Amino acid sequence: MARKLPAKDAVIVGLGWTGSILAHELTEAGLEVVAIERGPWRDTPTDFPPTSAQDELRYRIRHELFLRPSQTTFSFRNKMSETALPIRTWGAFMPPNGVGGGGVHWNAETWRFLPSDFVLKTHLTERYGASFLPPDMTIQDWGVTYDEIEPYYDRFEYLCGTSGTAGNLRGQIHEGGNPFEGPRSRPYPTPAQAQPFSHTLFGKAARELGYKPFPQPSGNLSQAYLNPLGIRLGPCTYCGFCEWFGCGNYSKASPQTTILPVLVRKPNFLARDNCEVTRINLDSSGKRATGVTYVDAGGEEWEQPGELVILSAYTIFNVQLLLLSGIGKPYDPVAGEGVIGRNFTHQTISDVTGFFDAAKFIFNPFIASGSIGMCIDEFNGDNFDHGPHGFVGGGYMGQVQTNGRPIETTPVPPGTPRWGAAWKSAVRENYLSAVKPGTGVHGSFYAYRDVYLDLDPTYKDRFGRPLVRMTIDFHDNELKQNAFLTDRFADIIQAMGAKQVMKEYRKGPYDITKYQTTHLCGGAVMGTDPKTSAINRYLQSWDVPNLFVMGASGFPQNAGYNPTGTLAALAFWSAEAIRSTYLKNPGPLVNA
Amino acid sequence: MLRALAITIGALVILALAVVAIGVGVRSLMTPVVDGIHHRKGQDFALIERGRYLTAVADCASCHTIPGEGRPFAGGRRIETPFGFVAAANITPDAETGIGTWTDRQFDAAVRQGERRDGKPLYPAMPFPYYSRMSREDVLAIRAYLDTVAPVRNPVTSDLLPFPLSIRAGMLAWDALYFRPGEFRPDDTKSPEWNRGAYLVEGPGHCGACHTPKTWLGGDENAQKLRGSVIQGWFAPNITNDSTRGLGRWSPDDIVEYLRDGHNRLSAATGPMAEEIALSSSHMTDADLYAIAAYLKDQRGGSEATPPARSEDAAMAAGGAIYRDVCSACHTPDGRGVPYLFPALAASPSVRSRDPTTLIRIVLRGARSVATVREPTGPGMPAFGWQLDDSEVAAVLTYIRNSWGVAAAPVTAEEVHTARTRLAARSE
């Protein structure tokens, strides 16, 4: 029997980026807020100081910052006809754990989606006709437009101090930035990061091929920054231990470096770490959340009542809590009905490695940051005519190599033995003179009828709750997209002067063991119709109006960018709606 | 250490006997105060607010509140002195275990004359030699504020010192040597701001309690006022206007920002100063902080320049390499750091100090800077004690103490070894 705690105005489930944003916004509005976080408290000088943060074995190989599969995991299958099995070691994505969430280990690549991404179904149908889209593709519009959330992209970028070069300032295209981006109301708060040699060379080659390269927008800061909350960040040192690592130098934007120092000083904020929410409680009508139940590290169960519940866990856990709490109709892929679990997506990543003459090219790949890089956006979204190509979607591509860490940075040309003296010699020969972007082609992943999340019929977690079952595979549209983009990318690497280019196309079936990105999206998507969306345009549950669901679980499909900028902008947008409208008159913000 | 303690104890006993023998207690010679019945002035808002402010200025909470217990001023915190521990009293209005039944005269006598209600002397861990400079009105304003805090029943055994220091009569001898009672007298040749600063520094702010070098009996070396002293395993640096060791390169704005926000363009507060800022100076008005700055900027340091260690020395070469490897990412290769975030080592009084206690401690054990309303970031430096051995710590500290225009005595591996051993016995 759960012990009941005093009620709070708002209960936040998960203290990552969106949980921290909401906690700050709601405490600013005067609410008593408690945030409940499954993982431990984490802070820069105690948890990832520069004396020990740069430990590739501990963080990259042994996954120090991530959830332990023994704590909870997911089952996985490619096809509905298969039997899903539990994931026992993380591969394709890295579920974050602990205060700061994925905001601790992310690269800090801080992109905006294209204006057309938010009206994707309408846009593609108008340009190419409905029959151009694969019949089982279930993409839809978001219910918000780029223009509506532009001020909130801006809020997030100025919170983080994002470093970049504006390409479209209030409609004016600026040389050196991304000419395809939507209009931004202000320049980036800090100039773009300096680019190392190979990244610069990629930009030069791309320009010579007629593209418009620009520096990747980066939450690893080019210079010291004072954010609007009064919190300070330092300049990035290009240490090359960023993605998968916490930053010891206060130079990567994270909840720790941009929000939490102010949040923890507030008397109306309380955080409970090492506490896992097991369900959202509803009243007898099923239309109102009364709070949450959680289990602390000692195994004791607690009930935390609250007037408002903010679900801000990682994509799959948001969906899991909705399914386990009986909120919203579970998705049924056969009938094509229901919403919870629907339109689950990931990313379509591939890479090209270039081998250069070691006598002429010394790239020093260890000089890098998590979001370093020169990119082009000619092949993202609908920035090019898809008519001749027979697919939709796209992605940015670039030399975005984030490190030269020794365990994983061993690029060798095709045909090299996998081990032994010849392999060692090839590693030595190529370490300084190879270009290995890692996620060089960062493609979209659109939604399909048979890619979804539901509860596994067999496997359960340590509390006896069913695991979430992932059913996911690549469809021809994404594989065609990837083949096209990978070839274009390889052309640029070739033009840099590579003597040999190795392409690694993304191929089906979807491989759960091979890392792509942690950008799992969808499953509780936003939209305008309760039949095809779990939450409205303000991220408010259609079924339980005092529940708001943050994060990429709300993306109807995934675009060809990293999702954090967009999910953070949506969190600010939702917080604004809660503060300006909902709190004055709690109830549905959109009448379905 | 033991020998020093034995000498101290012996000397105190002899002095005490001498003083008692002639039957004169210094404290009885002090300015007489009018006794009277204590009146609760609970409704006088202006007085209570003034008292609340002065309670912060005098940093009463630092000793009388145990951090994190949620019982303000209930006492019981163990105060480390060179001679042992003393527990701070309960100063809540609790009738039995606090000061609820004390008269104003008794309160004033304790604060300004170091005299307990039972007539016995207080140990100078209670900085009454400084509070003695305060006006009676200010002391009674503090009393009025303390009357408004929640009474907490918390009996405190204050006598934790070993025999014979536990004989409080010994303090009479100490008083005879070091206690110069009397209210602050303004210097008419100086500005009102300077005089206000002098009052705050010498009186309620009791800066010298940490920053003035001490005699072997723990009294202030008045000739060395505010020129730096070792306290509780830290070195409270020279805060005079001395440009070699002190604040000579700091502007009044730098001093004000440091005291108010815990950070300025050059430095960051950590250790006991972080606590002082959090509890005391961050709550002070800008006018008072500028007054303090004006007074400190008028204090002569008188330290002599040291010739810098030569760059070809082995320790300098090793230290430079270690610096570039493990320090420069934050403090930058040129030692300028990042303003308000990572201290500029060349401008830090702790780096320039004659005594490297604080530097060694921070490198071995790391440190967390204070977070304040205006500077909430509170960045921390990690511990390097597990990573660098004694000679490496010595080398890198010798390097930073002799680079970028700084010249200070080299640090030896033996000093680091001693500090490491002593720190091992410290919990915090």
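The values are calculated or read from the model by the stated rules, or taken from the named source; none is laboratory data. Computed from a prediction, not measured in an experiment: that's the story for all the values here. Heads up, the Cβs are rebuilt from the backbone with ideal geometry, glycines too, and the neighbour counts pull from every protein chain shown.
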Is one or more of the residues making up region A:260-273 in a loop (DSSP other than H, G, I, E, B) and more than 14 Å from every other protein chain (Cβ to nearest Cβ)? yes
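Per-residue answers, yes or no, for (1) modelled with pLDDT under 95; (2) loosely packed, with under 12 Cβ neighbours inside 10 Å; (3) not hydroxyl-bearing (Ser, Thr, Tyr):
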position	(1), (2), (3)
A:393	no, no, yes
A:397	no, no, yes
A:401	no, no, yes
A:405	no, no, yes
A:408	yes, no, yes
A:421	no, yes, yes
A:427	no, no, yes
A:430	no, no, yes
Can you tell me which condition residue A:224 does not meet? The list is (1) small (Gly, Ala, Ser); (2) farther than 21 Å from residue A:107 by Cα; (3) within 13 Å of chain B (Cβ to nearest Cβ), and all the others hold. (2)
Restricting region B:331-373 to residues that are within 12 Å of chain A (Cβ to nearest Cβ) and hydroxyl-bearing (Ser, Thr, Tyr), the residue that is nearest to the chain's Cα centre (by Cα): B:369
Among residues of region A:327-345, those that are in contact with a Gly (Cβ under 7 Å, 6 or more places away or on another chain), farther than 15 Å from residue A:447 by Cβ and in a loop (DSSP other than H, G, I, E, B), counted: 1
Failed condition for residue B:328, given (1) within 12 Å of chain A (Cβ to nearest Cβ); (2) surrounded by fewer than 22 Cβ atoms within 10 Å (Cβ to Cβ); (3) in contact (Cβ under 8 Å) with a residue 24 or more places away in the chain: (3)
For region A:446-476, what are the residues that are free of Cβ contacts under 8 Å to residues at least 24 places away in the same chain and either in contact with an Asp or Glu (Cβ under 7 Å, 6 or more places away or on another chain) or within 13 Å of residue A:84 (Cα to Cα) (or both)? A:457, A:460
Do you know which of the residues in region A:304-318 that are in contact with a Gly (Cβ under 6 Å, 6 or more places away or on another chain) and assigned to a strand (DSSP E or B) is farthest from residue A:583 (Cα to Cα)? A:304
Among residues belonging to region B:131-159 that are β-branched (Val, Ile, Thr) and not in a loop (DSSP other than H, G, I, E, B), point out the one that is surrounded by the fewest Cβ atoms within 10 Å (Cβ to Cβ). B:139
Taking the stated definitions as given, is residue A:283 over 22 Å from the mean Cα position of the chain (by Cα), over 20 Å from residue A:547 (Cβ atoms), away from chain B (no Cβ under 13 Å) and free of Cβ contacts under 8 Å to residues at least 40 places away in the same chain? no
Right, residue A:290: in contact with a strand residue (DSSP E or B) (Cβ under 8 Å, 6 or more places away or on another chain) and surrounded by fewer than 24 Cβ atoms within 10 Å (Cβ to Cβ) or not? yes
Which of the residues spanning region A:507-522 are polar (S, T, N, Q) and closer than 18 Å to residue A:107 by Cα? A:516, A:517, A:518
Please indicate, with yes or no, whether at least one residue in region A:134-142 is part of a helix (DSSP H, G or I) and in contact (Cβ under 8 Å) with a residue 60 or more places away in the chain. no
Do we find that residue A:269 is touching a residue at least 60 places away in the same chain (Cβ under 8 Å), over 18 Å from residue A:553 (Cβ atoms), crowded, with 18+ Cβ neighbours inside 10 Å and touching a His at 6+ places or on another chain (Cβ under 9 Å) in this structure? yes
Within region A:528-569, can you find the residues that are of a type in the set (S, T, N, Q) and closer than 20 Å to residue A:581 by Cβ? A:528, A:533, A:536, A:540, A:541, A:546
Looking only at region B:193-226, which residues are surrounded by fewer than 19 Cβ atoms within 10 Å (Cβ to Cβ) and of a type in the set (Asp, Glu)? B:193, B:221
Grab the strands (runs of 3 or more DSSP E) fully contained in region A:497-576, keeping just those with 1 or more residues being over 24 Å from residue A:469 (Cα atoms). A:500-504
Taking region A:370-414 as the region of interest, how many residues are under 25 Å from residue A:488 (Cβ atoms) and part of a loop (DSSP other than H, G, I, E, B)? 31
Out of B:412, B:372, sole residue that is free of Cβ contacts under 8 Å to residues at least 40 places away in the same chain and over 23 Å from residue A:53 (Cβ atoms): B:412
How many residues does region B:376-428 contain that are more than 19 Å from residue B:336 (Cβ to Cβ), within 14 Å of another protein chain (Cβ to nearest Cβ) and not in a loop (DSSP other than H, G, I, E, B)? 3
Does region A:1-30 hold any residues that are over 23 Å from the mean Cα position of the chain (by Cα) and among the charged types (D, E, K, R), and which are they? A:3, A:4, A:8, A:9, A:28
Restricting to region A:227-243, and then to whatever is touching a residue at least 60 places away in the same chain (Cβ under 8 Å) and part of a strand (DSSP E or B), can you tell me which residue is surrounded by the most Cβ atoms within 10 Å (Cβ to Cβ)? A:233
